[in-house]
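**Student:** Here's a structure for you.
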Amino acid sequence: MAAVKEALKAMVVDHRSITPEEAAAAMKDLMSGASTPAQTGSFLSSLQTRPLDPTILRSCAEGMVSFAQDCPVPDKETLVDIVGTGGDGLDTFNVSTAAGIVLAACGVRCAKHGNRSASGAVGSADFLEALGCRIMLNGEQVAEAVAKCGFGFLFAQVFHPSMKNVAAARKELGVRTVFNLLGPLTNPAKPGLQVIGVGKKEIGRLFAELFKIKGAKIAMIVHSSEGLDEISPAAPTHVWLLKDGEITEKEISPADFGLPAHDLALIQGGTAGERAGMFREIIAGGKKRKLEGAHAAVTDYIVANAAAALFVAGKAPDLKAAAVIAREAIDSGAAKKVLDAYVEITNSVAQPLAASMTSGGTSSFSTAGGVAVMRSETVVDGTAEVEKLVDELDQKKGLLMMSTFEYPGRYTLWKVGFVDPPIQFISRGLVGKVKALNARGKVLLAPIRAWMEAKAVIKSVTAPADDTLEITVAKADRKFTEEERSQQPSIFTLVRELIACFSANADPDLGLYGAFGYDLTFQFEPCRMRLQRADDQRDLVLFLPDALLLVGHDSKTARKVTYDFSYSGASTQGLPRTGAAVPFKGNTPPSPRDHEPGEYATLVEKAKEEFKCGNLFEAVCSQTFYEPCNAPPSEIHRRIRQRNPSPYSFFINLGDEEYLVGASPEMYVRSQGNNVETCPISGTIARGKTPIEDAQNIKELLNSLKEESELTMCTDVDRNDKSRICEPGSVKVLGRRQIEMYSRLIHTVDHVQGTLRQGFDALDAFLAHTWAVTVTGAPKAWAMQFLEDNERTPRRWYGGGIGQLGF
């Protein structure tokens, strides 16, 4: 009988606890893939119902580590890791990662083991990526980084490829299991010194006993009174200290570090980019500067947690002395030097990496739909590759999206693009077409068809040609509440299934990229349709690429990522990455605009009458202009980048001689983990000719009651959109009327964030906001009906969005 079955029999039939040997054997079945998803789920849920024993937890951890990739860092007895179990749900700053960098600056080597988000919206991997680090390093490369700068990050998805064998069962269970405790215990670098945070107080003694059984000389386990799995800067923290075989318990407070207490809210929230920006400001150096508010709180938070590790490492006699050492590493700029060195080291790595390394220098993983994916990665010159891509988009399907503006805490520099994708997905109404654009795409049609045909939400799947699937979504068989509006049958039902088919949680870049048309909103907001839509109008065009150009902060160390796919004996390997090339043809429009002189002004007056009687508070009316264009779209894109650089710009060849070129300062919606954020923009004034004129214009803008009221209304609508899908009380305004300055304009921007409720995902976050109040009006449904009744031309892509839906 399989070991996992023996363990299940012991717990379920014999009603006894399993032995450490049975736990270890069962874990080998789980990690090797020998157990079925049902057996894995039953084992995990049964184990969860029994009191945890430190010997059982140790056996589970050792079983998991035995399947991990090795990380050959020498002198493990002096190597440190600071890590938490996660699950505290308090969404605090990534202090353990930041403290690890400070430790390295203090001369204590740190091998940080981490993953993407667990307890908060931003995991250690997300935080490091936002700082400009590459995280897909193997064991030898992490060991080299530790040797060179004292810090290294072991990304759990790289070092624990066997976790894919339990991923489906864990996702189906939907509750925390023993695996949520194993992270701090399964660092493949095997550090001899650890500070571990636990999200529940009752687990603290368990971890201390486990380290005692392992024979550890010293270890510190912490849990704050608010529930943090770290040392709190706001309240007492309970400590279990194992030293020389003895476990002592005590409470410590910020005063024990010589630090003041801070409001917990000051260290909560923020995106990966915002946290990275704050950390860089903190470690910029300079003893005479005065940090206040959130910066001061986060600094002391880092100092306290780094100090605990310094004490464990024997670098200071007590916590207060250790805090002085940590503070000096920050103020002197030593921590900044470590971070800069680590960024440079990780970005110089050219070896292809991902979730499961093979001897061929590639990576591999499998999707939920049974597609085997091979990923390869090389370093390229980003500047040259971007310009080459722009030229290719004149005649080849694909896209280029970029953020060319840097703003602390919100915008970072990045570019992503591709041409000749193998798959294109287009839709109109409830019918979607998946089209293979080359021989490589035909390989992917088989798993897509098999997946769709097995889903009750899909009415039919047909193949009108050998390169095309036509898929129709089943109509609703029940009514949906307002909160469920994003989950009612729509073309996004099909999109969800496409994402589910290729989901693997193993690659941050693979996904669907493209454009979302304005009319998609009418699948959720019923409207009396007056305007006649053209026969060739498409509501949605998405591409699944098999080659991506990824450019980060340093354009000279960009990455070219390529994918190969195999399914049921068929493979894309060896097939050319080509597609149809259709040269751009200029044309002359029949008329210069869709409004006669004075008609738009009449429309504005009509909207004002609606304002007076309370039907509308705002209406964002549009008009369409046409100009002859004989220059290629690439030229328009380059001119926009040069003359009006915005935080976001894009150039998309949608096929069928349709191109989208544009730029925008507004982030429509961004969702990572269970976090959703938006940045409503309203309030605009021109840039001045000098900094003094800029200051005067900013003052005028901030003193404008009209501009303030308009942004307030936009943000209120945005908060209402989030309230449908977010946890009660989690929707917060993080930034109010923040000034953003671009090449020609100054804007006021709010920053709104919420936490998704259970049962809602990133796609719900996207759909709940269709479309932004800044391009429709308020109340949103009434405004869109007003626009439909009074505008001259269907909006098509205007007022919609562009972006990525990750797998």
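**Student:** So Lys201 passes all but one of these: (1) among the charged types (D, E, K, R); (2) closer than 24 Å to Glu328 by Cα; (3) in contact with a His (Cβ under 6 Å, 6 or more places away or on another chain). Which condition number does it fail?
**Tutor:** All conditions pass for Lys201, except number (2).
**Student:** Quick check on this structure: which one of Arg796, Arg792, Arg736 is over 17 Å from Cys527 (Cα atoms) and among the basic types (Lys, Arg)?
**Tutor:** Unique residue meeting the criteria: Arg736.
**Student:** May I ask you to list the residues in the range 631-648 that are open to solvent by 10 Å² or more (accessible area, probe 1.4 Å), modelled with pLDDT of 90 or more and outside any loop (DSSP other than H, G, I, E, B)?
**Tutor:** Matches in the range 631-648: Glu635, Ile636, Arg638, Arg639.
**Student:** If you check every pair at least six apart or on different chains, which have Cβ atoms under 6 Å apart with a residue in the range 372-392 that is within 14 Å of Leu548 (Cα to Cα) first and a residue that is acidic (Asp, Glu) second?
**Tutor:** Pairs that qualify, where the first residue is within 14 Å of Leu548 (Cα to Cα) and the partner is acidic (Asp, Glu), are Met374/Asp564.
**Student:** Filter the range 110-119 down to residues that are in a loop (DSSP other than H, G, I, E, B) and either modelled with pLDDT of 85 or more or open to solvent by less than 10 Å² (accessible area, probe 1.4 Å) (or both), then give me how many there are. Please lay out each step first, then the result.
**Tutor:** So the first thing to find is which residues in the range 110-119 are in a loop (DSSP other than H, G, I, E, B), and the list is 115-119.
Cutting the leftovers down to either modelled with pLDDT of 85 or more or open to solvent by less than 10 Å² (accessible area, probe 1.4 Å) (or both) gives us 115.
Qualifying residue count for the region: 1.
**Student:** Here's another thing I want to ask about it. If you scan the range 687-740, which residues turn out to be in contact with a strand residue (DSSP E or B) (Cβ under 6 Å, 6 or more places away or on another chain), closer than 24 Å to Glu618 by Cα and small (Gly, Ala, Ser)?
**Tutor:** Within the range 687-740, just Gly735 meets the criteria.
**Student:** Looking only at residues that are over 21 Å from Ala68 (Cβ atoms) and in a helix (DSSP H, G or I) in the range 27-38, which one is least open to solvent (accessible area, probe 1.4 Å)?
**Tutor:** Start the filter on the range 27-38 by keeping residues that are over 21 Å from Ala68 (Cβ atoms), which leaves 36-38.
In the following step, the residues that additionally are in a helix (DSSP H, G or I) were identified as 37-38.
On the way: Pro37: 92, Ala38: 72 Å².
Filtering first and then ranking leaves Ala38.
**Student:** May I ask you to list pairs of residues, at least six apart or on different chains, whose Cβ atoms are under 6 Å apart, with the first in the range 131-150 being farther than 15 Å from Lys112 by Cβ and open to solvent by 20 Å² or more (accessible area, probe 1.4 Å) and the second being assigned to a loop (DSSP other than H, G, I, E, B) and not hydrophobic (A, V, I, L, M, F, W, C)?
**Tutor:** From residues that are farther than 15 Å from Lys112 by Cβ and open to solvent by 20 Å² or more (accessible area, probe 1.4 Å), the pairs are Gly132/His553.
**Student:** Please find, within the range 729-757, the residue that is surrounded by the fewest Cβ atoms within 10 Å (Cβ to Cβ) out of those that are of a type in the set (Lys, Arg) and farther than 16 Å from Cys679 by Cα.
**Tutor:** Here the answer is Arg744.
Yes or no, residue by residue, for (1) part of a loop (DSSP other than H, G, I, E, B); (2) farther than 16 Å from Lys190 by Cα; (3) among the polar types (S, T, N, Q); (4) open to solvent by 10 Å² or more (accessible area, probe 1.4 Å):
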site: Leu52; (1), (2), (3), (4): yes, yes, no, yes
site: Thr55; (1), (2), (3), (4): no, yes, yes, yes
site: Ala61; (1), (2), (3), (4): no, no, no, no
site: Ala68; (1), (2), (3), (4): yes, no, no, yes
site: Val73; (1), (2), (3), (4): yes, no, no, no
site: Glu77; (1), (2), (3), (4): no, no, no, yes
site: Asp81; (1), (2), (3), (4): no, no, no, no
site: Gly89; (1), (2), (3), (4): yes, yes, no, yes
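Yes or no, residue by residue, for (1) in a helix (DSSP H, G or I); (2) more than 21 Å from Gly174 (Cβ to Cβ); (3) of a type in the set (Lys, Arg); (4) open to solvent by 10 Å² or more (accessible area, probe 1.4 Å):
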{"residue": "Glu6", "(1), (2), (3), (4)": "yes, yes, no, yes"}
{"residue": "Val12", "(1), (2), (3), (4)": "yes, no, no, yes"}
{"residue": "Ser17", "(1), (2), (3), (4)": "no, yes, no, yes"}
{"residue": "Glu22", "(1), (2), (3), (4)": "yes, yes, no, yes"}
{"residue": "Ala25", "(1), (2), (3), (4)": "yes, yes, no, yes"}
{"residue": "Thr40", "(1), (2), (3), (4)": "yes, no, no, no"}
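**Student:** Select from the range 565-588 the residues that are of a type in the set (S, T, N, Q), within 30 Å of Ser634 (Cβ to Cβ) and not in a loop (DSSP other than H, G, I, E, B) and list them in ascending order.
**Tutor:** Across the range 565-588, the qualifying residue is only Asn587.
**Student:** Further question on the same structure: Between a residue in the range 598-617 that is farther than 18 Å from Val773 by Cβ and any residue that is open to solvent by less than 80 Å² (accessible area, probe 1.4 Å) and in a helix (DSSP H, G or I), which pairs come within a Cβ distance under 7 Å, given they are 6 or more apart or on different chains?
**Tutor:** Once the first residue is farther than 18 Å from Val773 by Cβ and sits in the range 598-617, its partners that are open to solvent by less than 80 Å² (accessible area, probe 1.4 Å) and in a helix (DSSP H, G or I) give Leu603/Asn790; Lys606/Asn790.
**Student:** Right, next: Show me the strands (runs of 3 or more DSSP E) entirely contained within the range 428-477 in which 3 or more residues are open to solvent by 40 Å² or more (accessible area, probe 1.4 Å) and over 25 Å from Thr562 (Cα atoms).
**Tutor:** Numbers: elements: 431-436, 458-465, 468-473.
Filter on the range 428-477 gives 458-465.
**Student:** Going by what's in this entry, would Thr40 be described as modelled with pLDDT under 85 and among the polar types (S, T, N, Q)?
**Tutor:** So Thr40 does not fit the description; no.
**Student:** So Leu128 clears everything in (1) open to solvent by less than 20 Å² (accessible area, probe 1.4 Å); (2) within 22 Å of Arg176 (Cα to Cα) except one condition, right? Which one?
**Tutor:** Here Leu128 meets the rest and fails (2).
**Student:** Filter the range 754-784 down to the residues that are of a type in the set (Val, Ile, Thr) and at pLDDT 85 or above, then identify the one that is farthest from the chain's Cα centre (by Cα).
**Tutor:** Thr776
**Student:** Has the range 282-292 got any residue that is more than 12 Å from Val95 (Cβ to Cβ), open to solvent by 30 Å² or more (accessible area, probe 1.4 Å) and touching an Asp or Glu at 6+ places or on another chain (Cβ under 6 Å)?
**Tutor:** yes
**Student:** Can you find, within the range 672-703, the residue that is farthest from Gly803 (Cα to Cα) among those that are surrounded by 13 or more Cβ atoms within 10 Å (Cβ to Cβ) and of a type in the set (Asp, Glu)?
**Tutor:** Result: Asp694.
**Student:** I need the full set of residues from the range 710-728 which are open to solvent by 70 Å² or more (accessible area, probe 1.4 Å) and not in a helix (DSSP H, G or I), in order please.
**Tutor:** Matches in the range 710-728: Glu727, Pro728.
**Student:** Right, next: Can you work out which of the residues in the range 585-622 that are hydroxyl-bearing (Ser, Thr, Tyr) and open to solvent by 40 Å² or more (accessible area, probe 1.4 Å) is farthest from Val373 (Cα to Cα)?
**Tutor:** Taking the candidates together, the pick is Thr602.
**Student:** Let me ask you something else. Looking only at residues that are part of a loop (DSSP other than H, G, I, E, B) and either in contact with a helix residue (DSSP H, G or I) (Cβ under 6 Å, 6 or more places away or on another chain) or of a type in the set (S, T, N, Q) (or both) in the range 478-505, which one is most open to solvent (accessible area, probe 1.4 Å)?
**Tutor:** Asn505
**Student:** Within the range 252-280, count every residue that is acidic (Asp, Glu) and under 36 Å from the mean Cα position of the chain (by Cα).
**Tutor:** Residues in the range 252-280 being acidic (Asp, Glu) and under 36 Å from the mean Cα position of the chain (by Cα): 2 in total.
**Student:** Now for a separate question. Regarding the range 515-528, can at least one residue be identified that is touching a helix residue (DSSP H, G or I) at 6+ places or on another chain (Cβ under 6 Å), open to solvent by 30 Å² or more (accessible area, probe 1.4 Å) and either acidic (Asp, Glu) or closer than 30 Å to Thr562 by Cα (or both)?
**Tutor:** yes
**Student:** Something else about it: For the range 548-584, which residues satisfy the criterion of being small (Gly, Ala, Ser), in contact (Cβ under 8 Å) with a residue 12 or more places away in the chain and open to solvent by 20 Å² or more (accessible area, probe 1.4 Å)?
**Tutor:** Gly552, Ser555, Ser566, Ser568, Ala570, Ser571, Gly579, Ala580, Ala581
**Student:** Quick one: in the range 307-324, of everything that is among the hydrophobic types (A, V, I, L, M, F, W, C) and touching an Asp or Glu at 6+ places or on another chain (Cβ under 8 Å), which residue is farthest from Ile221 (Cα to Cα)?
**Tutor:** Here the residue is Leu319.
**Student:** Which condition breaks for Val733 when tested against (1) at pLDDT 90 or above; (2) part of a helix (DSSP H, G or I); (3) of a type in the set (A, V, I, L, M, F, W, C)?
**Tutor:** Checking Val733 against (1) at pLDDT 90 or above; (2) part of a helix (DSSP H, G or I); (3) of a type in the set (A, V, I, L, M, F, W, C), the one that fails is (2).
**Student:** Out of curiosity, is Thr40 of a type in the set (S, T, N, Q), out of contact with any Cys (no Cβ under 7 Å at 6 or more places or on another chain) and closer than 30 Å to Gly277 by Cβ?
**Tutor:** No, not satisfied.
The values are calculated or read from the model by the stated rules, or taken from the named source; none is laboratory data. Given the structure is predicted, the values throughout are model-derived calculations rather than measurements. Counting neighbours? That spans all protein chains shown, and the Cβs are built from the backbone with ideal geometry, glycine included. Just the protein is used for accessible areas: all its heavy atoms, side chains included, with ligands, DNA and RNA removed. Shrake-Rupley method; radii C 1.70, N 1.55, O 1.52, S 1.80 Å.
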